[in-house]
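The structure under discussion appears below in the form of structure tokens.
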Amino acid sequence: MLDDFRLHQSLIGRAGSRSELNTPVLIVDRDALERNIRRMAELSRKHGVALRPHAKTHKSVDIAKLQIAAGAVGLCCAKLGEAEALAEGGVESILITSPVVASPALTRLSALNERIRDLAVVVDNPANVAALAAVVTKPLNVLIDIDPGIRRTGVPSAAAAVELFKVIGQHENLRYRGVQMYCSRQQHIASYQERMAALAERMEYLKSVISELKAAGGAPEVVTGAGTGSHHIDAALGVLTEWQTGSYVFMDRQYTECDLANQPSVPYEYSLFVDARVVSANTPGQATIDAGYKAFATDGGPAVVLSGAPEGSTYQFMGDEHGIVHDPSSKHVWTIGDAVRLAAPHCDPTVNLYDAYHVVSGETLVAIWPVSGRGRSR
């Protein structure tokens, strides 16, 4: 982070300064970012659901504050360390969407609960409930995590959910708030209709769990879930009361290749980029750029070439430090130092590779924001 400020602080506010940044560099287009934030906030209000965006995407206090200003009720965090980072920046309402179980982490969780106005955590095991109750002093909000069928986390059945609700009720310092079910597997089904069918089946299961909880006196106040790939469908299905959408703020290759809203165009736009430069161009039709495995997460396939190359050009990883841009005609000739702009294949882990966002408006650097929760995965 210090290097980013040292290298680039003098460029803030200088017209056209994006072209002067040292590369590879993580870029956020503030105007596109704010449009994405506004569109999601407006959609959630239209459908009468609370918006609690997932900070695992951006890990940024600055972006979290923009989301709250637009109407978000708070943020989700995947890990306790992310939640601590946001709390240090002034975020007062946080849901931790993965169980917190290790003894040192439970002590930190209790301390965090004392520091902020509204902390909630999910549980899926009676032993975890007992451990939470043993360490917290200020009452802690808990939600029952429901397995959507992938066997990662969550109670495996309605009966298990009811039993866990009863266990929570045995502890005066725990407050049962509701349930979480995040359908991660369905988010990237490319076809909108196939995704809708898969999510509709899962929501019917969720309704059956809620029905059993209601019968046991555990009607949930909060039913939280949804992602960028499912929120339009979740709005139509009407089961969730809160959305955890995350990637919409940036978009990436994985989501732009999905039909998100059963419309001709994707309702959100790229706002996250990696800017790179050509460092070698000795083969006709291809150029080597200074962005490789260390510049992009690799689980989502190759990065998307957006500019600085002929239309239809593709990116290929070529080691830790380098990538190759291929011109489909095999004729284009690049010049050393040419700028190439790319979109991430998967935004969340790509962000975790960088210390800072370089925030631009047009082609001018306007701010440098820290990736506040970078590396805080425990």
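Mind telling me which of Arg117, Arg35, Arg253 comes out most flexible in a GNM of the chain, alpha-carbon contacts under 10 Å? Residue with maximal mean-square fluctuation among Arg117, Arg35, Arg253: Arg117. Sort the range 82-214 into rounded, prolate or oblate with this rule: let a ≥ b ≥ c be the square roots of the eigenvalues of the Cα gyration tensor; rounded if a/c is under 1.5, and if a/c is not under 1.5, prolate when a/b is larger than b/c, oblate otherwise. The shape class here is oblate.
May I ask which residue of Pro156, Gln180, Val121 lies farthest towards the positive end of the charge dipole of the range 96-182, with charges of +1 (Lys, Arg) and -1 (Asp, Glu) on Cβ and the Cα centre as origin? About the Cα centre, the residue reaching furthest to the positive side is Val121. The charge dipole of the range 128-283, taken about its Cα centre with unit charges on the Cβ atoms of Lys, Arg (+1), Asp and Glu (-1) only, comes to about 360 debye. Sparse packing (at most 10 other Cβ atoms within 10 Å of the Cβ) combined with a DSSP loop state is found for the following trypsin sites (Lys or Arg not before Pro) in the range 141-188: Arg151. Taking Cα centre as origin and charging only the Cβ of basic (Lys, Arg, +1) and acidic (Asp, Glu, -1) residues, the dipole magnitude of the chain rounds to 700 debye. Put a dot 7 Å past each Cα toward the Cβ at Ala130 and Ala15; how far apart are the dots in nm? It works out to 6.9 nm between the two label points. Placing dummy labels 7 Å off each Cα toward the beta-carbon, the span from Ser377 to Asp118 is 3.0 nm. In the chain, taking the dipole from charged Cβ atoms about the Cα centre, the farthest positive-side position among Ile168, Ala287, Gly312 is held by Ile168. Of interest is the spacing of the C-alpha centroids, which for the range 323-362 and the range 186-220 amounts to 38 Å. Take the convex hull of the alpha carbons in the range 215-260; its mean projected area over all directions comes to 3.9 nm². What does the charge count near Glu42 come to, summing +1 for each Lys or Arg and -1 for each Asp or Glu among other residues with Cβ under 14 Å from its Cβ? Once positives and negatives cancel, what remains is +4.
With axes computed from alpha carbons, what is the tilt in degrees of helix 103-115 against the longest principal axis of the chain, rounded to the nearest 10 within 0 to 90? Computed tilt is about 90 degrees.
Ordering Ser17, Ile94, His54 by the projection of their Cα atoms onto the charge dipole of the range 1-147, which places +1 on the Cβ of Lys and Arg and -1 on the Cβ of Asp and Glu, puts Ser17 at the extreme positive end.
The relative contact order of the chain, computed from alpha carbon pairs under 8 Å that lie at least 6 residues apart in sequence, is 22 percent.
Which residue, Ala41, Ala159, Ala78, has the most motion in a Gaussian network model of the chain that connects Cα atoms within less than 10 Å? Of the options given, Ala159 has the highest mean-square fluctuation. With a ≥ b ≥ c the root eigenvalues of the C-alpha gyration tensor of the chain, is it rounded (a/c under 1.5), prolate (a/b larger than b/c) or oblate? Because a/c hits 1.5 or more and a/b exceeds b/c, the chain counts as prolate.
In order along the range 175-184, the phi-based Karplus estimate (6.51 cos²θ - 1.76 cosθ + 1.60, θ = phi - 60°) of 3J(HN,Hα) comes to 10, 5, 10, x, 9, 10, 9, 10, 8, 5 Hz; Gly and Pro are listed as x.
A cut-off of 5 Å between modelled amide H atoms, ignoring neighbours fewer than 5 places along the same chain, links Arg277 with Asp290, Val340. Along the range 344-358 the Karplus relation, 6.51 cos²θ - 1.76 cosθ + 1.60 evaluated at θ = phi - 60°, assigns HN-Hα couplings of 6, x, 9, 6, 4, x, 5, 4, 5, 8, 10, 7, 8, 8, 9 Hz to successive residues, with x for each Gly and Pro. Against the chain, whose longest principal axis is taken from its Cα atoms, helix 158-168 shows a tilt of about 70°. Annotation: for a label point projected 7 angstrom from Cα along Cα→Cβ of Ala261, residues of the range 220-239 with backbone N closer than 17 Å are 227-237. Seen against the Cα atoms of the chain and their longest principal axis, helix 192-215 is set at about 20 degrees. Which net charge results when you count Lys and Arg as +1 and Asp and Glu as -1 among the other residues whose beta-carbon is under 9 Å from that of Gly362? Net charge in that neighbourhood comes out at -2.
Could you tell me the number of lysine pairs in the range 34-131 with C-alpha atoms less than 20 Å from each other, where the two lysines are 8 or more residues apart or belong to different chains? Lysine pairs, 8 or more places apart or on different chains, close enough: 4. For the range 20-172, what does the alpha-carbon gyration tensor say about shape, rounded, prolate or oblate, given a ≥ b ≥ c as the root eigenvalues, a/c under 1.5 as rounded, and a/b over b/c as prolate? Prolate, because a/c is 1.5 or more and a/b exceeds b/c.
Bear in mind these aren't lab numbers, they're just calculated from the coordinates by the rules spelled out. What you see is a predicted model; the values in this text were computed from it and never measured. Don't worry about glycine lacking a Cβ; one is built from the backbone with ideal geometry, like all the others, and counts go over all protein chains shown.
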